[in-house]
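Scroll down for the structure; my scribbles are underneath it.
The values are calculated or read from the model by the stated rules, or taken from the named source; none is laboratory data. Values in this document were obtained by computation on a predicted structure and should not be read as measured data. Positions of Cβ are generated from backbone atoms using ideal geometry, with glycine treated the same way; all protein chains shown enter the neighbour counts. Areas reflect the complete protein model, heavy atoms only, side chains present, ligands, DNA and RNA absent. Shrake-Rupley method; radii C 1.70, N 1.55, O 1.52, S 1.80 Å.
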Amino acid sequence: MLTGSEMGVVDENAAALGVPRKQLMESSGNATARAVREHVDPGAAVTVVAGRGNNGGDALVAARFLDEYDLRVLLLGRPETITTDISRANWDALQSAEYPTEQVGDASAFDLGNPELVVDAMLGTGISGALREPEATAAAAMNASDATVLSVDVPSGLDAEDGTRADNAVDPDHVVTFHDTKPGLDALDATVTVADIGIPDAAQLFVERGDLTRLDRDPFSHKGDNGEVLVVGGGPYTGAPALSAQAALRAGADLVRVAAPAAVAREIQGYSENLIVIPYDGDHLAPPHADRLADLAADHHALVLGPGLGDAEGTLDAVGDLLETFEGTAVVDADALSVVPEIDTDASLVCTPHQGELVGMGGETSDDWRERADLVESFAAELGHTMLVKGAYDVISDGEETRVNRTGNAGMTVGGTGDVLAGVTGALACVQEPRHAAAIAAYAVGDAGDTVVADRGYGLVATDLLDAVPPSLWSDGEQ
């Protein structure tokens, strides 16, 4: 089952893989026409009621496959207000071929007539709430008629995110939905057909630009609304926590703080005036610091734990104490990873090991990425946390859903790129589910690395990624 928004991601990923939406619409329309033929004989009166989005576009395609019927096509609205180019092209195709089309300017002009079958293609998976005019009048006419009602993808008025139905939604006899079933369809008193429209399995397996469409930003948001991140790192190393913190800022977090030993806090601050550094006593993380840091982390949307911490005496014990107390979302990287299998925590963890660190945690790996994906999924299920295992093919899994990212290159074996990835993941974990945050971060950082290497060759350094990450994240998403 896929929600409407998930289906949008899959559609866009399919386009990135070479199966464009225009081709998918053609397949969806053909599937709709086949469904019509299953329910009424040739010569029957069929009325298509099409909205101005892609759901209506599917039905406009279907009309071209229904020449053997007494066909009537009603467009709710003016053709110039059709919202997508591909739907408008299919409307234009009907005009050029002189199909019987009509425009419904307002509810008072709607006349369903007496068809044997009506195709409901007014509103698709991106719409929620009660139907407004003229769709409300059209839905009432469909529900009151003796016609067989066939809805395209979902009945108009069904919220494909949570499966709820508006009180004035279309009550269909049949639904033809595409690629996978949608929330709420199983509760209908209707037959539901899932049509294969040619979306490859890879569109759900591989992380692609469609995943970036999950990103949005409220234009009226205030400081802090887009995420506050705490990076706990540093001690033997100072660059790692600075890289993670700067990457989190570049990835869209509003505020990023670095909690670090007092011995290195000033040095970490010196990397950038954008960093807010909170020192604690000593030269490395130790158990006495855990409670204070847990309280501090609780005031943030996400914790990034591990960059530059090292494994000095007491440090890993402190990591365990912190994670056992913390109940939020944490990205765990570097030396801190070794503690995860041994602790009991209510936190949601995103673990970001390379394959050597994965084995050190008790997991298994393989040179074959497909086999490795299965192994990572099993290990994530065993741990009960999300894994982002870095490699030529990154594997992301929460134990139930597994994704594979193919961006990135051999230039990214340089030190510090993992710290950038941890920071980007932390920023995204403020506003996304852990598995989505990990997948998008892997894609964006890998894509940033590809951009840098294409421009400069394999002499990439981790700081090069800081300027390249924002366009990799936001150029295809919504800013």
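On a full-extension model of 0.36 nm per residue, what is the gain between Asp281 and Ala298, subtracting their alpha-carbon distance, rounded to one decimal in nm?
Stretched fully, the Asp281-Ala298 segment lengthens by 4.1 nm.
Per-residue HN-Hα couplings for the stretch 144-156, Karplus 6.51 cos²θ - 1.76 cosθ + 1.60 at θ = phi - 60°, whole Hz, x for Gly and Pro?
Using θ = phi - 60°, the values come out as 8, 7, 8, 6, 6, 10, 10, 8, 9, 6, 9, x, 4 Hz.
Taking amide H atoms as placed 1.01 Å from N in the peptide plane, list the residues 5 or more away in sequence, or in a different chain, whose amide H sits under 5 Å from that of Asn168.
Long-range HN contacts for Asn168: Leu131.
Exactly which GluC sites (Glu not before Pro) in the stretch 1-82 are in a DSSP loop and have at most 15 other Cβ atoms within 10 Å? Display every interim value, and only then the final one.
Numbers: sites: Glu6, Glu12, Glu26, Glu38, Glu68, Glu80; in loops: Glu68.
When the GluC sites (Glu not before Pro) of the stretch 1-82 are filtered for loop state and at most 15 Cβ neighbours within 10 Å, Glu68 remain.
Counting only heavy atoms of the protein chains, get the accessible area per residue of the stretch 189-229 (1.4 Å probe) and round it to a whole Å² value.
Values: 2250 Å² over 41 residues.
Accessible surface, normalised per residue, equals 55 Å².
Hey, can you find the accessible area per residue of the stretch 266-393 for me, probe 1.4 Å, expressed in square angstrom? Could you put the intermediate results ahead of the total?
Details: 5960 Å² over 128 residues.
Per-residue accessible area for the stretch 266-393 comes out at 47 Å².
Between the stretch 401-433 and the stretch 334-389, how far is it from one alpha carbon centroid to the other, in angstrom?
First find each Cα centre; the distance between them is then 15 Å.
Working out 0.36 nm times the residue gap between Asp41 and Thr83, then minus their Cα-Cα distance, what length gain in nm do you get to one decimal? Walk me through the numbers on the way to the answer.
Details: separation 42, 0.36 × 42 = 15.12 nm, distance 3.28 nm.
My answer for the length gained is 11.8 nm.
Give me, ordered by chain and number, the residues 5 or more places off Thr329 or on other chains with an amide H under 5 Å from its own placed amide H.
So Thr329 has HN proximity to Leu303, Ser348.
Per the 1.4 Å probe, what fraction of the accessible area of the stretch 285-419, in percent, lies on carbon and sulfur atoms?
Details: 2280 of 5580 Å².
Its accessible area is 41 percent carbon and sulfur atoms.
Once amide H atoms are placed 1.01 Å from N in the peptide plane, what residues at a sequence separation of 5 or more from Thr407, or on another chain, have their amide H within under 5 Å of its amide H?
none
Report, in deg cm²/dmol and to the nearest 500, the calculated mean residue ellipticity at 222 nm for the chain, where each DSSP H run with n ≥ 4 adds -39500 (n - 2.57) and the sum is divided by the residue count. Intermediate results must be reported in sequence, preceding the final value.
Values: 15 runs with 176 residues, N = 479.
Helix-only estimate at 222 nm: -11500 deg cm²/dmol.
May I ask for the distance between the Cα centers of the stretch 89-112 and the stretch 236-298, given as a whole number of Å?
With the stretch 89-112 and the stretch 236-298 each reduced to a Cα centre, they are spaced 62 Å.
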